[in-house]
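**Q** If you scroll down you'll find the structure; I have some questions about it.
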Amino acid sequence: MTTTIIITFCLLLIIAYVFDLTSSKTKIPSVILLLILGWSIRQLSTRFGFQLPDFSFILPVLGTIGLILIVLEGSLELKINKSKLGLIKTSFFGALIPMVALAFLFAFAFNYFGNFDFKASLINAIPFCVISSAIAIPSVRNLSSNNKEFVIYESSLSDILAVLFFNFLAVNAAIDILSVAHFGLQLIIILVISFIATIGLSFLLNKIEHHIKFIPIILLIILIYAIFKIYHLPALLFIFIFGLSIGNIKELKGFNWIAKFRPDNLIKEVTKFTELTIEVSFLVRALFFLLFGYLIEIREVLNPNTFIWALGIVFTIFLFRAIQLKLSKLPLRPLLFIAPRGLITILLFLSIEPTSTISLVNESLIIQVIILTAFIMMIGILTVKPQRQ
């Protein structure tokens, strides 16, 4: 039995690697293929009578670690200089404004048609309003550098802003000046701690001489994230700041305090760290989407009671995206199609307290929206000609 599990585990991850390797040729996002593979395994195990344990409790754990690594991977690859300021500004507002507008629009619809409490409706609406960096970033490798950078910035910021927005509503019983002031204080605290933690982790990255040095750094990053989450601090912001800082050491060499870190040596270590992060991120992401595909129930995908809502939500998402891209003077093709919902949508949905749940927003609706947006992204990428870097 042990040997069978090992063989199956290795084969699945090798197949996931083949999907990732061939996605540039097939133009089919590897995430779509992983979901189908995971679902197929479930059907085969049921057909042949294999009794497998309940894996659902692992999904949030894998999802959280995957989110950390994906945001870290994306931020490490981003380069900041004066020429990028316009892109960063466009990405920030492109992530923020549609998310807030969609959240209030969906909340109003839930409140009007379902007669649910407006605050609960708003909390339940947020998971539908965030672009999943876990799906978007791996899917845009073959786009032009400008489009790819925009998607990385936009989806990473979308994840962070959505978590901030969600936590602000979930933690505060009442929304008033005091709660806004407390939230502002939290942001200041996280920025200060992130700066200190980034210096500390950079020091360790540079000073550790032991042959095992990168895994402890990743574990410390996950640990700091978890501690921040306990105190309801915007932990993803720390991940983004850390990745952005060490990924742009060349740009920071002009500062005197950076010289103490031997920047030339640190750049080499950051390159190795980035390579390891990409590989570990692939492993966790593959396991997450395989497991998510495995847990998908056909009756949830084909639930007619939520399908009309799913179509309405997806149509509104892409309508707002088209308007956003037009106003930002960005190309509709291929960016219009790249608005997938995924890992972060699932994590936010699972984070909703029982007292704030509404019957309309359930697993069926979440899965349908994720599959529809992923399918539209796949069709969009398939119909777009290869772009020069």
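**Q** If you scan the stretch 268-282, which residues turn out to be buried (at least 20 other Cβ atoms within 10 Å of the Cβ) and closer than 18 Å to residue 209 by Cβ?
**A** 269, 270, 273
**Q** Still on this model: Among the candidates 308, 346, which residue alone is in a helix (DSSP H, G or I) and closer than 25 Å to residue 73 by Cβ?
**A** Testing whether each residue is in a helix (DSSP H, G or I) and closer than 25 Å to residue 73 by Cβ leaves just 346.
**Q** I'm trying to understand the selection: among the residues of the stretch 319-343, which are part of a helix (DSSP H, G or I) and either out of contact with any helix residue (DSSP H, G or I) (no Cβ under 8 Å at 6 or more places or on another chain) or hydrophobic (A, V, I, L, M, F, W, C) (or both)?
**A** 319, 320, 322, 323, 325, 327, 332, 335, 343
**Q** Show the residue pairs that are 6+ apart or on different chains and have beta-carbon atoms under 7 Å apart, the first residue being within the stretch 80-103 and outside any helix (DSSP H, G or I), the second being hydrophobic (A, V, I, L, M, F, W, C) and buried (at least 16 other Cβ atoms within 10 Å of the Cβ).
**A** 80/244
**Q** Let me ask something else. Looking at this structure, is residue 208 of a type in the set (Val, Ile, Thr), at pLDDT below 85 and out of contact with any Ser or Thr (no Cβ under 9 Å at 6 or more places or on another chain)?
**A** Criteria met by residue 208.
**Q** Now for a separate question. Do you know which residues across the stretch 9-40 are closer than 21 Å to residue 378 by Cβ, of a type in the set (Val, Ile, Thr) and either surrounded by 18 or more Cβ atoms within 10 Å (Cβ to Cβ) or free of Cβ contacts under 8 Å to residues at least 60 places away in the same chain (or both)?
**A** Within the stretch 9-40, 15, 18, 22, 26, 31, 32 meet the criteria.
**Q** Can you list residue pairs whose Cβ atoms sit under 7 Å apart, with the first residue in the stretch 227-246 being at positive phi and the second being outside any loop (DSSP other than H, G, I, E, B)? Count only pairs 6 or more apart in sequence or on different chains.
**A** Listed pairs, sorted by first residue: 232/167; 232/171.
**Q** For residue 66, indicate whether it is at pLDDT below 90, exposed (fewer than 13 other Cβ atoms within 10 Å of the Cβ) and either β-branched (Val, Ile, Thr) or part of a helix (DSSP H, G or I) (or both).
**A** Taking the combined requirement at face value, the residue does not satisfy it.
**Q** Determine whether the stretch 321-341 contains at least one residue that is farther than 30 Å from residue 229 by Cα and small (Gly, Ala, Ser).
**A** yes
**Q** Any residue at all in the stretch 378-389 that is closer than 22 Å to residue 163 by Cβ and buried (at least 20 other Cβ atoms within 10 Å of the Cβ)?
**A** No, that holds for no residue.
**Q** For the stretch 144-188, which positions are among the charged types (D, E, K, R), surrounded by fewer than 22 Cβ atoms within 10 Å (Cβ to Cβ) and under 20 Å from the mean Cα position of the chain (by Cα)?
**A** 148, 149
**Q** Taking the residues in the stretch 44-74 that are within 12 Å of the chain's Cα centre (by Cα) and small (Gly, Ala, Ser) as candidates, determine which candidate is nearest to residue 238 (Cα to Cα).
**A** 74
**Q** Within the group 332, 319, which residue is closer than 19 Å to residue 142 by Cβ and without any contact (Cβ under 8 Å) to a residue 24 or more places away in the chain?
**A** Testing whether each residue is closer than 19 Å to residue 142 by Cβ and without any contact (Cβ under 8 Å) to a residue 24 or more places away in the chain leaves just 332.
**Q** Taking the stretch 206-254 only, how many residues are more than 24 Å from the chain's Cα centre (by Cα) and part of a helix (DSSP H, G or I)?
**A** The total comes to 6.
**Q** I'd like to verify a number: residues in the stretch 75-131 that are within 15 Å of residue 312 (Cα to Cα) and polar (S, T, N, Q), how many?
**A** 0
The values are calculated or read from the model by the stated rules, or taken from the named source; none is laboratory data. Not measured: the values here are computed from a predicted model. Cβ sites come from the backbone with ideal geometry, for glycine too, and all protein chains shown count toward neighbours.
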